[in-house]
1. Between R118, R108, which is surrounded by 22 or more Cβ atoms within 10 Å (Cβ to Cβ), charged (D, E, K, R), over 13 Å from the mean Cα position of the chain (by Cα) and more than 18 Å from S43 (Cα to Cα)?
2. Identify, by number, the condition in (1) open to solvent by 40 Å² or more (accessible area, probe 1.4 Å); (2) in contact with a strand residue (DSSP E or B) (Cβ under 8 Å, 6 or more places away or on another chain) that K60 doesn't meet.
3. Within the stretch 25-82, which residues are within 14 Å of the chain's Cα centre (by Cα), under 12 Å from V151 (Cβ atoms) and free of Cβ contacts under 8 Å to residues at least 40 places away in the same chain?
4. Quick one: is L85 modelled with pLDDT of 95 or more, open to solvent by 60 Å² or more (accessible area, probe 1.4 Å), assigned to a strand (DSSP E or B) and in contact with a strand residue (DSSP E or B) (Cβ under 7 Å, 6 or more places away or on another chain)?
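The values are calculated or read from the model by the stated rules, or taken from the named source; none is laboratory data. In this text, all values refer to a predicted model and were calculated from it rather than measured experimentally. For neighbour counting, all protein chains shown are included, and Cβ atoms are generated from backbone atoms with ideal geometry for every residue, glycine included. When the accessible area is computed, the model is the full protein with side chains, heavy atoms only, and any ligands, DNA or RNA have been set aside. Shrake-Rupley method; radii C 1.70, N 1.55, O 1.52, S 1.80 Å.
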Amino acid sequence: MLTLTVALLALLCASASANAIQARSSSYSGEYGGGGGQRFSHSGNQLDGPITAFRVRVSKYYIVGLQVRYGKVWSNYVGGSSGDLEEIFLHPGESVIQVSGKYKRYLRKLVFVTDKGRYLPFGKDTGTSFNAVPLHPNTVLRFISGRSGAVIDAIGLHWDVYPSTCSSC
């Protein structure tokens, strides 16, 4: 009985040690913007695949609305209905590695920077600047969260490794 207990304890310690030395890969940047609006999160959408496109509704002053395509599936639209809708698709295998922008009480500008050197800007160049990058190497933007109402009040950026498999991409 003592041998079995010692063996089980050794196995548990080895498992705990292996988990402790595994490299972390996820990180979070944000929340950038004001305090209004209702919370939203695309955390479940990342299961549909990597980010492949953005739809951003922009008015004269604000980022009004936002929708992200994960794999081949569009997220729910968040935000208001005024302004012009702009849509940009990523190239196959391209990922967002940096997001910058500006805000005051609401989000005013977003710039998505990809690992292919492309800058995808939306909105107006006024307000307090932010620049978000992942904390861990070889990680990319996996999903967004934030708060919205008639406009995008605030945005949060969630980083992790590029999905190893994606049947719907």
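1. Details: R118 fails: surrounded by 22 or more Cβ atoms within 10 Å (Cβ to Cβ).
After ruling out the rest, the residue left standing is R108.
2. (2)
3. Hits for the stretch 25-82: nothing passes.
4. Details: modelled with pLDDT of 95 or more: yes; open to solvent by 60 Å² or more (accessible area, probe 1.4 Å): yes; assigned to a strand (DSSP E or B): yes; in contact with a strand residue (DSSP E or B) (Cβ under 7 Å, 6 or more places away or on another chain): yes.
It is true that L85 is modelled with pLDDT of 95 or more, open to solvent by 60 Å² or more (accessible area, probe 1.4 Å), assigned to a strand (DSSP E or B) and in contact with a strand residue (DSSP E or B) (Cβ under 7 Å, 6 or more places away or on another chain).
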